[in-house]
Every structure is written in C-alpha cells, then in structure tokens.
Ligand SMILES: *Cc1c(COP(=O)(O)O)cnc(C)c1O
C-alpha cells in the first residue's frame with residue numbers, strides 16, 4: 001500500500017490528451033489543474049512525446065560523469081531566454097530551491113565573507129517539502145512535526161518592504177520569493193513592491209532569488225513571470241512545467257555566481273538526464289512561441305474578466321485575482337465544496353489554501369473551453385447558496 005500522504009479525489013486516472021483527462025471508467029473532465037501546473041502544453045503533447053520517444057531509442061542515462069550535449073543545448077536555450085549565466089539541472093522544484101539555497105549560502109561565504117548566512121522568505125510562500133525548503137516555506141502546516149529544522153531562514157509578512165528592511169543585517173545572503181504565490185493562495189505581489197525589493201537587494205548586495213517553479217514556463221503569459229514584472233533576478237528556479245510531465249528541475253544564476261558552484265560542490269544522479277532534456281528542449285521550443293504566450297495572456301484576461309462579471313456580486317466571493325493562466329477565486333468560506341461541485345460538472349480545479357479555488361488551465365486552452373469552465377465555476381459557486389447572508 002501507499003503512505004496516505006495525499007488527500008486524493010475519488011478519480012482513478014487512466015488517460016490524458018490536451019486539456020482532457022479520463023478515468024478508468026471512460027469518464028472525461030476538462031483538466032484545469034494541468035497536473036498541478038506541470039502539463040502546461042496539455043497532456044501527451046505530440047511534439048514532446050515525439051522528442052522523448054526518439055531519445056528513448058538512443059540513450060536514457062549515462063550520468064554526469066560525461067558531457068551530455070543535450071544538457072548544454074537546453075542550458076543554452078534557458079540562459080538565452082532568461083539572460084542568466086548558467087544552469088544546474090535536477091529533478092523537482094524542491095531540489096531546484098535546495099540548489100538555490102546552497103548556492104546563496106556558499107556565495108555569501110565565499111564572495112562576502114559571511115559565516116552564518118540567512119535567507120529571507122515571505123509568509124504564505126511555498127518552496128518545497130525537503131527540510132531546507134519547508135523551512136523556507138512561510139506556512140506552518142508544512143513544518144508541523146518535523147523539528148528540528150535547519151537554521152538560516154527568516155520569514156517576513158507578505159509584501160512588507162519595511163519588514164524586509166528590518167530583517168536584513170550583515171548576514172543576509174538572499175531574499176527568495178514566488179512573484180505570484182501559488183500554493184499559498186494565488187497571490188500576485190504588487191509590481192511596485194517587487195521593483196522596490198529588487199532594487200533594494202541590488203543596493204545591499206543581497207541576492208534576489210525568484211522561485212518560478214509554478215509561475216515559469218509560460219504560465220503567466222511570458223516564459224518567466226519576472227519578465228512580466230520587469231525585474232532581473234540573480235537566481236531563478238524552475239521545475240513543474242519544464243518537462244510537461246517528465247520530471248526535471250533547474251536552478252539558474254547570474255554569471256558572477258557561476259564559479260561558486262565549482263566541481264564537487266553540488267550534484268544530482270538523475271539531474272539533466274537525456275530523456276528529461278529531450279522533453280525540456282521540446283517544451284522550451286513550444287513555450288517561447290509568441291502565439292502561445294499571447295494565448296495565455298488573452299485567455300487569462302478572459303478568464304479573469306468573465307469570472308469577475310459572473311461572480312463579483314456573490315456574497316461568498318471575496319476576491320478574484322491572478323496573472324496569465326494562474327487564477328484564484330478567494331471565498332469567504334471553504335473552497336472544497338466548490339471544487340467538488342465543479343468536478344461533478346466535468347471540470348477539474350484545485351485548492352490553494354483552505355479558501356481559494358486555483359485555476360490552472362493548460363496554456364493551449366481555447367476561448368470555448370474558458371467560457372465553459374467559467375459557466376461551471378459560476379454554477380458551482382452558486383450551489384453554495386447564500387445562506388446566512
Ligand atoms: C510545487 C512548488 C515547489 C515544489 O516543487 P516539487 O517539484 O513538488 O518539489 C516549489 N516552489 C513552488 C513555487 C511550487 O509551486
């Protein structure tokens with residue numbers, strides 16, 4: 001049997017294609033979870049499938065004892081798109097953030113002479129489930145039961161620049177944040193806050209690290225969310241959508257930090273394996289296309305506008321917010337009944353914290369599918385009734 005670590009929906013999945021997911025019995029859902037922001041191009045995307053199948057014919061794995069030409073190629077695409085200097089490949093979001101944390105600590109020590117570096121993160125953030133990344137995460141529920149936790153993290157209130165300034169001292173190595181908090185409730189940071197924070201970090205020589213595990217790979221209407229915010233991070237992490245379902249993560253950093261991760265400093269057995277790289281290369285070729293990114297912005301705005309139009313006067317809807325195709329509906333009560341009701345009506349969406357319905361359609365979603373989903377969501381919220389008002 002499995003560890004009962006997940007609270008699972010009562011669907012036994014069998015097959016996926018594009019925006020659709022089927023169960024074993026042949027029932028079909030419009031999948032606006034995208035496998036948790038992983039299958040951004042839709043399930044079983046034909047060009048990613050072809051690239052992986054082709055790679056399976058030649059080489060699956062050789063280890064990082066060797067030069068892996070596909071790794072160099074994908075790193076080249078990522079550095080070209082991001083403007084950063086180098087890439088370390090791993091297998092998940094938590095591992096990408098672990099790499100970023102390790103890099104920040106080593107850089108603080110070697111470049112600034114800091115002996116006990118710490119990293120500042122925000123309340124409501126989510127950075128992963130390893131010991132370091134759950135300590136970085138600004139949510140108590142993921143830490144419960146796992147003490148003792150590693151040192152070197154300071155959490156400050158969401159969007160509070162004064163609190164950041166107060167938390168900073170001579171030992172501050174980095175500030176790390178998601179530009180739109182995903183798991184924490186689909187909360188986009190205010191653009192002027194992000195700009196001020198990035199400038200402040202630059203002035204003080206503190207690394208500005210952006211966790212793009214959920215917001216990256218086209219999700220917000222640009223390849224990286226930092227482009228939509230107009231800021232230049234020192235370190236960026238990726239995973240989820242990078243392989244469209246083939247596990248792969250990446251940590252990228254600016255050129256000055258590259259020598260900090262010299263030979264022997266960090267490693268991952270599977271990291272950047274040829275099959276994962278074949279998937280990532282095909283995904284990047286698709287995700288960078290202006291038509292796809294344009295579709296994300298267009299359908300994202302349509303989704304936000306229509307949801308607001310249909311739901312803004314509902315007494316149980318507190319706020320509808322998002323960026324690109326990462327959208328949330330915050331309710332005044334538990335979101336689970338709305339999510340279940342949508343599922344019964346043929347639409348899969350997710351929670352983000354107890355009161356937010358998180359909507360993550362594949363980036364290839366059409367206008368008709370957006371409209372259908374909004375209709376289902378409006379009905380599902382209406383089914384809550386307005387009792388008690
Ligand atoms: C999902 C997520 C992670 C963790 O990724 P895993 O692949 O589950 O380790 C980290 N950061 C953010 C922003 C995420 O959304």
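Please give the strands (runs of 3 or more DSSP E) falling wholly within segment 198-253 in which 2 or more residues are away from the ligand (no atom under 12 Å from the Cβ) and in contact with a helix residue (DSSP H, G or I) (Cβ under 9 Å, 6 or more places away or on another chain).
Filter on segment 198-253 gives 207-211, 249-253.
Has segment 99-106 got any residue that is surrounded by 24 or more Cβ atoms within 10 Å (Cβ to Cβ), under 16 Å from the mean Cα position of the chain (by Cα) and on the phi > 0 side of the Ramachandran plot?
no
Quick one: residue 26 ticks every box in (1) more than 16 Å from the ligand (Cβ to nearest atom); (2) surrounded by fewer than 16 Cβ atoms within 10 Å (Cβ to Cβ); (3) on the phi < 0 side of the Ramachandran plot except a single one, so which number is it?
(3)
When segment 115-155 is examined, which residues are found to be away from the ligand (no atom under 16 Å from the Cβ), surrounded by fewer than 17 Cβ atoms within 10 Å (Cβ to Cβ) and in a loop (DSSP other than H, G, I, E, B)?
115, 116, 144, 145, 147, 148, 149, 150, 151
Tell me, please, whether a residue that is closer than 17 Å to residue 215 by Cα, out of contact with any strand residue (DSSP E or B) (no Cβ under 7 Å at 6 or more places or on another chain), surrounded by 15 or more Cβ atoms within 10 Å (Cβ to Cβ) and modelled with pLDDT of 95 or more can be found in segment 60-69.
No, segment 60-69 contains no residue that is closer than 17 Å to residue 215 by Cα, out of contact with any strand residue (DSSP E or B) (no Cβ under 7 Å at 6 or more places or on another chain), surrounded by 15 or more Cβ atoms within 10 Å (Cβ to Cβ) and modelled with pLDDT of 95 or more.
Can you spot a residue in segment 203-221 that is over 21 Å from residue 284 (Cβ atoms), without any contact (Cβ under 8 Å) to a residue 40 or more places away in the chain and surrounded by fewer than 21 Cβ atoms within 10 Å (Cβ to Cβ)?
yes
Could you please find all residues in segment 282-297 being in contact with a helix residue (DSSP H, G or I) (Cβ under 8 Å, 6 or more places away or on another chain), farther than 13 Å from residue 45 by Cβ and assigned to a helix (DSSP H, G or I)?
The one that is in contact with a helix residue (DSSP H, G or I) (Cβ under 8 Å, 6 or more places away or on another chain), farther than 13 Å from residue 45 by Cβ and assigned to a helix (DSSP H, G or I): 293.
With the structure loaded, tell me whether residue 94 is away from the ligand (no atom under 16 Å from the Cβ), closer than 21 Å to residue 213 by Cβ and crowded, with 23+ Cβ neighbours inside 10 Å or whether it fails that test. If you could, list the steps in order and put the result at the bottom.
Details: away from the ligand (no atom under 16 Å from the Cβ): no; closer than 21 Å to residue 213 by Cβ: yes; crowded, with 23+ Cβ neighbours inside 10 Å: yes.
No: the conditions fail for residue 94.
What is the residue count in segment 307-342 for residues that are in a loop (DSSP other than H, G, I, E, B) and over 16 Å from residue 32 (Cβ atoms)?
8
Can we say residue 272 is assigned to a helix (DSSP H, G or I), at pLDDT 95 or above, in contact with a helix residue (DSSP H, G or I) (Cβ under 7 Å, 6 or more places away or on another chain) and within 26 Å of residue 52 (Cβ to Cβ)? Outline the logic, then answer.
Values: assigned to a helix (DSSP H, G or I): no; at pLDDT 95 or above: yes; in contact with a helix residue (DSSP H, G or I) (Cβ under 7 Å, 6 or more places away or on another chain): yes; within 26 Å of residue 52 (Cβ to Cβ): yes.
No, not satisfied.
Against the condition within 19 Å of residue 206 (Cα to Cα), away from the ligand (no atom under 16 Å from the Cβ) and touching a strand residue (DSSP E or B) at 6+ places or on another chain (Cβ under 8 Å), how does residue 173 come out, does it pass?
yes
Quick one: what pairs do we get from segment 313-327, first residue free of Cβ contacts under 8 Å to residues at least 40 places away in the same chain, second surrounded by fewer than 17 Cβ atoms within 10 Å (Cβ to Cβ), C-beta under 9 Å, 6+ apart or different chains?
Pairs found: 318/332; 320/308; 320/312.
Among the residues of segment 254-269, write down those that are free of Cβ contacts under 8 Å to residues at least 24 places away in the same chain and part of a helix (DSSP H, G or I).
Result: 259, single match.
The values are calculated or read from the model by the stated rules, or taken from the named source; none is laboratory data. Keep in mind the model is a prediction, meaning the values are calculated, not measured. Neighbour counts are summed over all protein chains in view; Cβ atoms, including those assigned to glycine, are modelled from backbone coordinates with ideal geometry.
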